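Here is the structure we will look at, set down as structure tokens.
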Amino acid sequence: MGVFDADSFAGHEEIVFGADPVSGLRTIIAIHSTALGPALGGTRFFPYDTEDDALDDVLRLARAMTLKSAVAGLDLGGGKAVIIGDSRTDKSERLWRAYGRIIDSLQGRYITAEDVGTNHFDMEVIRRETRWVLGVPEPEGGSGDPSPATARGLINAMRAVAEHLWGGGDLAGRRVAVQGVGKVGSNLVRRLVDVGCEVVIADVYAPAAELLVDELGVKQVGVDEVLEVDCDILAPCSLGGALNAATVPRLACRAIVGSANNQLAADEDAAAIATRGILYAPDFVVNAGGLINVYEELRGYEVERARHAIDKVFANTKRVLETAQRTGVTPQQAAVDVAQDRIRKIGNLRLFRRSGDDRN
Ligand code: NAD
């Protein structure tokens, strides 16, 4: 099947392939939609087995960014970039600057930030070649690592889910299982312990989990067991696809609220989860904290204003859950509907020209 016919293509506006033989850079930048504003989405550095895998991933991730920004109420479209390679060995100043120049050639239609395999120091190097990068370190006037903001948003989403399911947003005493305790997961675990949750964790990288066990006294289980933990909330915070035909029948949670992008391996998994009586709060609604945080950089970053903006994840999650209940669809479908409704209503606002030099 060709690119244009692939399911993951899903109406993309533009796909850019970039390479720099000197540094070994091979990148794909996917601009899914600029209907609501510039396409913002992080750069994923990952050793994909094939170029097809990389293309499929970037297309799926870019579409999710369109939905994420729309539900979060931001003036942003959706995009994403992947770099094919090993983030531990293949990064260099040359690679980042060549990449920055490719981004700059898109003249602001795509804005990048960090994602799996990249960090705010990488963003600082990219900034030397283009201003279309967010999430640079704080001393550079940026918002730094977005992970604490993402974790803050997840707590808000969990409170919204608790209110919806149990009639109160207090998380104290709730049992939460966290799959993956990297940048977001570890921050989330600390916040959960702070508010009085009982936390169970798992990570393929044992030292990451052991650190939290030693420091916080949380319980560690095997990576194969974590999805089966009897708990109130399961938080998938590793890579995508954790919820699939093999894992959904084994789930023993009451709700799912996690940071990983594209948690559902296939669209039909949302229905299978609902049939099991489990509430799945859509990933692109609940993990928007980091995006909201970097978005604040576009108007001059201020931490208090950013926190206030991130806390809107509570209301955004509630609106999606209530829409699902009212219309009788899964929360996943309700979130897509909320996003598309906003894109329809606000996206064509640009028919009203503001001034002669208005590019939007
Ligand atoms: P990370 O790489 O720091 O952490 C991921 C962790 O998951 C690692 O510790 C890794 O060892 C672990 N892991 C991988 N496979 C696993 C498995 N099968 N079982 C258990 N653990 C496993 O990444 P992160 O920045 O914490 O992001 C986590 C997820 O959240 C990603 O999917 C990312 O796209 C998404 N996300 C992150 C942010 C952010 O602000 N960093 C924002 C939105 C979404």
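The values are calculated or read from the model by the stated rules, or taken from the named source; none is laboratory data. Computed from a predicted model, the values in this text were never measured in an experiment. No Cβ is skipped: glycine too gets one built from the backbone with ideal geometry, and neighbour counts run over all protein chains shown. All accessible areas refer to the heavy atoms of the entire protein, side chains included, with ligands and DNA or RNA removed. Shrake-Rupley method; radii C 1.70, N 1.55, O 1.52, S 1.80 Å.
Residues are listed down the side, and each one gets a yes or a no for (1) open to solvent by 40 Å² or more (accessible area, probe 1.4 Å); (2) modelled with pLDDT of 95 or more; (3) in contact with a Leu (Cβ under 7 Å, 6 or more places away or on another chain):
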{"position": "189", "(1), (2), (3)": "no, yes, yes"}
{"position": "193", "(1), (2), (3)": "yes, yes, yes"}
{"position": "201", "(1), (2), (3)": "no, yes, yes"}
{"position": "220", "(1), (2), (3)": "yes, yes, no"}
{"position": "225", "(1), (2), (3)": "yes, yes, no"}
{"position": "233", "(1), (2), (3)": "no, yes, no"}
{"position": "239", "(1), (2), (3)": "yes, no, no"}
{"position": "254", "(1), (2), (3)": "yes, yes, yes"}
| For residues in region 137-151 being modelled with pLDDT of 95 or more and open to solvent by less than 20 Å² (accessible area, probe 1.4 Å), which is nearest to residue 190 (Cα to Cα)? | 151
| field | Only listed residue being open to solvent by 10 Å² or more (accessible area, probe 1.4 Å) and hydrophobic (A, V, I, L, M, F, W, C), chosen from 155, 126 | value | 155
| note | All-but-one check, residue 263 against (1) at positive phi; (2) within 19 Å of the chain's Cα centre (by Cα); (3) of a type outside the set (Val, Ile, Thr), failing number (1)
| task | Output the number of the condition that residue 94 fails; it satisfies all remaining conditions of (1) outside any loop (DSSP other than H, G, I, E, B); (2) surrounded by fewer than 23 Cβ atoms within 10 Å (Cβ to Cβ); (3) out of contact with any strand residue (DSSP E or B) (no Cβ under 8 Å at 6 or more places or on another chain). | result | (3)
| List the pairs whose first member sits in region 220-232 and is within 12 Å of the ligand (Cβ to nearest atom) and in a loop (DSSP other than H, G, I, E, B), whose second member is open to solvent by 40 Å² or more (accessible area, probe 1.4 Å) and not basic (Lys, Arg), and whose Cβ atoms are under 7 Å apart, counting only residues at least 6 apart or on separate chains? | 223/204
| message | If I ask for residues that are open to solvent by less than 10 Å² (accessible area, probe 1.4 Å) and part of a helix (DSSP H, G or I), which ones from region 69-91 would you list? | response | 69, 70, 71
| Count of region 171-186 residues which are over 20 Å from the mean Cα position of the chain (by Cα) and outside any strand (DSSP E or B) | 4
| Can you name the residue in region 34-67 that is in contact with a His (Cβ under 8 Å, 6 or more places away or on another chain) and within 20 Å of residue 338 (Cα to Cα) and, of all such residues, is most open to solvent (accessible area, probe 1.4 Å)? | 63
